[in-house]
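Student: Structure below; questions to follow.
The values are calculated or read from the model by the stated rules, or taken from the named source; none is laboratory data. Bear in mind that the values here come from a model prediction, so they are computed numbers and not experimental data. Neighbour counts are summed over all protein chains in view; Cβ atoms, including those assigned to glycine, are modelled from backbone coordinates with ideal geometry.
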Amino acid sequence: MSKTTEVIDKNKEFYERAYILIPIFNNADTDETERLEECTALLKTAGADVVGVTSQKIRSVTPSTFMGEGKIEEVKSEIERVGADMAVFDGELSPSQVLNISNILGGIKVIDRPTLILDIFAKNAFTKEGKLQVELAQLEYIYPRLKGKGEALSRLGGGIGTRGPGETRLETDRRHIRRRINAIKTALAEIETRRNLSTKRREKNHAITVALTGYTNAGKSTLLNLLSGSDIPAEDKLFATLDPTARKIDLGDFSVIMIDTVGFIRNIPTELIEAFKSTLESAANADVILNVADASANFANQFSVTEQTLRALGCNSPIIKVLNKCDKICNFNGLPNDAILISAKDNTGIDELKGRIASAVKSDYSFIDIKIPIEKISKFYATADYAESYDISYSDDCALIRVVVKNTFVTKFTSI
């Protein structure tokens, strides 16, 4: 079975006009509509307009074209009719499959899902570290495909627009690319060393960290802005945030450092996970992790994708499920009981979220009340660096101190 659907919005102007090809396996865990919506969102973020889509149910992969060659032939007339100048395959293609599909479609550009995602990362990388991480992922994706298939590889070169190393058209050889990969890894290792120093300073100061993880465009940056009073750019786009951002969040009795980093997506290229591994690990090793999903989308799949990625990074911290964008839904039946429902846009459910974070943190921290003579206050200050926070009030002859301290350091205060 197959079907062809035309999707055209004449009111929009984008750089390129894309036609989507979706192969559907019988055991697929994501339905066609969701895949189309996600692929369309990816293309919109990359700067392209979707002018048509074709799907085909397949039992096995056709080695030369992935989907059936007859289906590709059938699509050619549709692509010519709607004026598409590129075909986007919602899956991963080999260089020879890219060439074969392109030849059947009259020589237009063909890109696959990993190339599209890498292209978006290249567009959204602004810091030195982000640019290096994206370039590394792109080169690691291209490198194993450099096996002499010149024409196919030249068509692998570009994504949408002209971003990143893809535009070299692969005139560089494997040796040059390998040298560049090694140079980038060295530069990223130096950046990671500096980040580790910052992490050690946080640990020395006993800072509690909470990581914002989750599906891309689930509203993590909007939530961080709400909790911290910041104005971090928060756009309705996929992968709008690539670089980690840390802000201090007040939870009443104590404060935490909340870290926002790159979002996840279904079938994210493994090269990106590897390239961003050091950045992601800083979040995966936090004291508490928030797994944020979009309540108006397939949140079960979003939760699953994030948890799988975190497990791959060796994460063992407590995870709190958060369903954001609840202002977009009317039927709350079937929502998971273990998730907190919020709307970062409307400031709904935020107090409950703060309470859940505080409860998770308090399992590792103690709250101690100390009463000591004012003349002996120096004994407290000698150990104050071990406290996460403290509050002092004074009476006529003594100091009353409320201390928040990690359980490891409790004895340093109980013995004062």
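Student: For GLY349, are the conditions met, namely being over 30 Å from GLY130 (Cα atoms), in contact with a Ser or Thr (Cβ under 8 Å, 6 or more places away or on another chain) and surrounded by fewer than 20 Cβ atoms within 10 Å (Cβ to Cβ)? Even if it seems obvious, please write down each step before you answer.
Tutor: Working: over 30 Å from GLY130 (Cα atoms): yes; in contact with a Ser or Thr (Cβ under 8 Å, 6 or more places away or on another chain): yes; surrounded by fewer than 20 Cβ atoms within 10 Å (Cβ to Cβ): yes.
Against the criterion (over 30 Å from GLY130 (Cα atoms), in contact with a Ser or Thr (Cβ under 8 Å, 6 or more places away or on another chain) and surrounded by fewer than 20 Cβ atoms within 10 Å (Cβ to Cβ)), GLY349 qualifies.
This table checks each residue for (1) basic (Lys, Arg); (2) not assigned by TED's automatic domain parsing to the domain that holds VAL256.
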position	(1), (2)
ILE340	no, no
SER343	no, no
ILE350	no, no
LYS354	yes, no
ILE357	no, no
ASP369	no, yes
ILE377	no, yes
PHE380	no, yes
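Student: Right, LYS376: closer than 17 Å to ILE208 by Cβ, modelled with pLDDT under 95 and out of contact with any Phe, Trp or Tyr (no Cβ under 6 Å at 6 or more places or on another chain) or not? Give the derivation first.
Tutor: Numbers: closer than 17 Å to ILE208 by Cβ: no; modelled with pLDDT under 95: yes; out of contact with any Phe, Trp or Tyr (no Cβ under 6 Å at 6 or more places or on another chain): yes.
It is false that LYS376 is closer than 17 Å to ILE208 by Cβ, modelled with pLDDT under 95 and out of contact with any Phe, Trp or Tyr (no Cβ under 6 Å at 6 or more places or on another chain).
Student: Please pick out the residue among THR162, THR199, THR172, THR241 that is at pLDDT below 65, under 22 Å from the mean Cα position of the chain (by Cα) and more than 28 Å from ALA297 (Cβ to Cβ). Write out each step before concluding.
Tutor: On the way: THR162 fails: under 22 Å from the mean Cα position of the chain (by Cα); THR172 fails: under 22 Å from the mean Cα position of the chain (by Cα); THR241 fails: more than 28 Å from ALA297 (Cβ to Cβ).
After applying the criteria, what remains is THR199.
Student: I would also like to ask the following. Restricting to segment 318-373, give me the number of residues that are touching a residue at least 60 places away in the same chain (Cβ under 8 Å) and in a loop (DSSP other than H, G, I, E, B).
Tutor: 6
Student: PHE276 - would you say it is under 21 Å from THR209 (Cα atoms), aromatic (Phe, Trp, Tyr) and modelled with pLDDT under 90?
Tutor: Working: under 21 Å from THR209 (Cα atoms): yes; aromatic (Phe, Trp, Tyr): yes; modelled with pLDDT under 90: yes.
Answer is yes for this residue.
Student: Inspect segment 24-40 for any residue being of a type outside the set (Val, Ile, Thr), free of Cβ contacts under 8 Å to residues at least 40 places away in the same chain and under 22 Å from PRO95 (Cβ atoms) and give the result as yes or no.
Tutor: no
Student: For SER395, state whether it is modelled with pLDDT under 90, among the polar types (S, T, N, Q) and outside the structural domain of ILE259 (by TED's automatic domain parsing). Even if it seems obvious, please write down each step before you answer.
Tutor: On the way: modelled with pLDDT under 90: yes; among the polar types (S, T, N, Q): yes; outside the structural domain of ILE259 (by TED's automatic domain parsing): yes.
Criteria met by SER395.
Student: Being crowded, with 21+ Cβ neighbours inside 10 Å and of a type in the set (Gly, Ala, Ser) is the filter here, so list the residues in segment 81-101 that pass it.
Tutor: ALA84, ALA87
Student: Return the only residue of SER296, SER282 being at pLDDT below 85, surrounded by fewer than 22 Cβ atoms within 10 Å (Cβ to Cβ) and either assigned by TED's automatic domain parsing to the domain that holds GLY214 or under 20 Å from ASN124 (Cβ atoms) (or both). Can you show your working first?
Tutor: Details: SER296 fails: at pLDDT below 85.
Exactly one of SER296, SER282 is at pLDDT below 85, surrounded by fewer than 22 Cβ atoms within 10 Å (Cβ to Cβ) and either assigned by TED's automatic domain parsing to the domain that holds GLY214 or under 20 Å from ASN124 (Cβ atoms) (or both), namely SER282.
Student: Could you tell me which residue of segment 75-93 is nearest to the chain's Cα centre (by Cα), considering only residues that are without any contact (Cβ under 8 Å) to a residue 40 or more places away in the chain and closer than 14 Å to ILE104 by Cβ?
Tutor: This residue is LEU93.
Student: Taking the criterion of being under 21 Å from ASN217 (Cα atoms), among the β-branched types (Val, Ile, Thr) and in contact with a Cys (Cβ under 9 Å, 6 or more places away or on another chain), would at least one residue in segment 285-294 satisfy it?
Tutor: Looking through segment 285-294, at least one residue is under 21 Å from ASN217 (Cα atoms), among the β-branched types (Val, Ile, Thr) and in contact with a Cys (Cβ under 9 Å, 6 or more places away or on another chain).
Student: Also, I was wondering about something else. Give the residue, chosen from LEU42, LEU132, LEU116, that is modelled with pLDDT under 95, hydrophobic (A, V, I, L, M, F, W, C) and closer than 30 Å to ARG194 by Cβ.
Tutor: On the way: LEU42 fails: closer than 30 Å to ARG194 by Cβ; LEU116 fails: closer than 30 Å to ARG194 by Cβ.
Matching residue, one of LEU42, LEU132, LEU116: LEU132.
Student: In segment 263-275, how many are in contact (Cβ under 8 Å) with a residue 60 or more places away in the chain and touching a Ser or Thr at 6+ places or on another chain (Cβ under 8 Å)?
Tutor: To start, the set of residues in segment 263-275 that are in contact (Cβ under 8 Å) with a residue 60 or more places away in the chain comprises 265-269, 271-272, 274-275.
Narrowing further to those that are touching a Ser or Thr at 6+ places or on another chain (Cβ under 8 Å): 265-266, 268.
Qualifying residue count for the region: 3.
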